[in-house]
């Protein structure tokens, strides 16, 4: 009998535990079923836009030093004096690149990164380039740099040095860079270009340079003039001038007498022996009157 009572108590305990478990499950928040495809789908990343980069740059400027920091006075002075200094390109954005100057983030627009057009900004990442300050906005904490002006100054100085090395009568080689109706521009191997006028291409008559030359042709030219930084070239000066044909003897025209050779002509030598006079006495002085 005791055994039966004990067993009944165990069964009662198990029944009570099961009931509590059921209540706990029913009280729990329902969980939405998720398919295997949905669980495996990657989280969507919003597309980047120029506004994202503008916001990023603006935030970086605002994190700079306060307006009264002397570094901004330094930047303004560098801008006024056109100071040239090196910077290392830290990162690339769609609108340009970013470099740090005295721990201040400076922006270099793509159009100010080189003297010419820049196709791939990534080529500049990690490079050290020379720049100057073109904007130092203390109020808005904006620092804008430019490498374009520096590159142009260097190119101008190099061109002047190369031009100074050129002299009249120098013979150089180069390639036809462009063709015009009035002549051809030649890019010489020393990095200087000059004009080959159509009249200086050949001793023969040339109507248009394109009749005898095309872009990329290798030519040898002679410098014939340098004026105001411009070089005049000639191909004709290096060519042998054609021999002139002898003139044919011509018959005298009808009605004109043929002149005798100079050696057969009679000569009359006149020598002045006195003074000229028109008086009757002087005229009769030489007459023998019987």
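Being closer than 30 Å to residue 225 by Cβ and at pLDDT below 95: is that true of residue 156 here?
Yes, satisfied.
Give the residues of segment 137-174 that are part of a strand (DSSP E or B) and surrounded by 15 or more Cβ atoms within 10 Å (Cβ to Cβ), sorted by residue number.
Going residue by residue through segment 137-174, those that are part of a strand (DSSP E or B) are 137, 142-146, 171-174.
Matches in segment 137-174: 142, 143, 144, 145, 146, 172, 174.
Where the second residue is buried (at least 16 other Cβ atoms within 10 Å of the Cβ) and assigned to a loop (DSSP other than H, G, I, E, B) and the first is touching a residue at least 60 places away in the same chain (Cβ under 8 Å) and lies in segment 134-160, which pairs have Cβ atoms under 6 Å and are six or more apart or on separate chains?
Between residues of segment 134-160 that are touching a residue at least 60 places away in the same chain (Cβ under 8 Å) and residues that are buried (at least 16 other Cβ atoms within 10 Å of the Cβ) and assigned to a loop (DSSP other than H, G, I, E, B), the close pairs are 141/64.
A quick yes/no check of all residues on (1) assigned to a strand (DSSP E or B); (2) at pLDDT 90 or above:
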site	(1), (2)
99	yes, yes
105	yes, yes
119	no, no
123	no, yes
130	yes, yes
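For segment 175-201, name all the residues that are surrounded by 13 or more Cβ atoms within 10 Å (Cβ to Cβ) and over 24 Å from residue 161 (Cβ atoms).
176, 179, 180, 183, 184, 197, 198, 200, 201 - these are the residues of segment 175-201 that are surrounded by 13 or more Cβ atoms within 10 Å (Cβ to Cβ) and over 24 Å from residue 161 (Cβ atoms).
Looking for something assigned to a loop (DSSP other than H, G, I, E, B), surrounded by 14 or more Cβ atoms within 10 Å (Cβ to Cβ) and at pLDDT 60 or above - is there at least one such residue anywhere in segment 211-223?
yes
Which number in (1) at positive phi; (2) at pLDDT below 90; (3) out of contact with any helix residue (DSSP H, G or I) (no Cβ under 7 Å at 6 or more places or on another chain) marks the one condition that residue 141 misses?
Just one mismatch for residue 141, condition (3).
The values are calculated or read from the model by the stated rules, or taken from the named source; none is laboratory data. Small disclaimer: the values here were computed from a predicted structure and weren't measured. Backbone-built Cβ (ideal geometry, glycine too); neighbour counts: all protein chains shown.
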